[in-house]
1. How many residues are within 28 Å of the chain's Cα centre (by Cα) and of a type outside the set (A, V, I, L, M, F, W, C) if we restrict to region 1-55?
2. What about Glu173, is it surrounded by 13 or more Cβ atoms within 10 Å (Cβ to Cβ), under 30 Å from Arg22 (Cα atoms) and either at pLDDT below 70 or of a type in the set (Asp, Glu) (or both)?
3. Take Ala44 and tell me if it is open to solvent by less than 50 Å² (accessible area, probe 1.4 Å) and within 17 Å of Tyr74 (Cβ to Cβ).
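The values are calculated or read from the model by the stated rules, or taken from the named source; none is laboratory data. What you see is a predicted model; the values in this text were computed from it and never measured. Methodologically, a virtual Cβ is constructed for each residue, glycine included, from the backbone with ideal geometry; neighbour enumeration extends over all protein chains shown. Side chains included, ligands, DNA and RNA excluded: accessible areas come from the protein's heavy atoms. Shrake-Rupley method; radii C 1.70, N 1.55, O 1.52, S 1.80 Å.
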Amino acid sequence: MDTSVERLYTRYHLLLVRFLTRMTHCPQRAEDLAQAAWLKLLGARSRGACPGGDESELRAYLFTVARNAFLDEYTRKHAVVRTRTIDPCLLDSLIDESGGSDGPEQDVARGQVYALLQGAVDRLPVEQRKVILMWSQGASIREMASACDAPRDTVLSRKKYAVARLRNTIGGEAQAMA
């Protein structure tokens, strides 16, 4: 290992672990993230992509890499928590159950849900609304990207944020109605 990196490790490893522990609230996870940050620093130094020999630049680079590693992990884990999977067999049974009209109460409830959903969709930004409406009509991502004249990733991002907004809006309004 490079002597400057050894000195840096000796001086800043415990500080880095404490920094990450404050973010993760888990010393073991902080230690893992710190090790990942050190490995990225070594990799960047071997490629010549790391800042020069100034210790303050290396320290800033190291803490930035560690913070980014934490944010990447947090984002991945948060996305998994927010995503709900439904067994396709259950989906078919849910569709079958909701297909027929059970009576006037259900019709009124369905109308209220429709009005709530329509209001939430109307409050979406124009780009997100267009993507959601096309998606609800069965358009593919490629078709949506072509119609919106936007890259595929932009369309996926618009769809993601629109669905999140709809969930928040509908969830808040449903609680207010209850």
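1. 13
2. Here the answer is no, as Glu173 does not meet what is asked.
3. no
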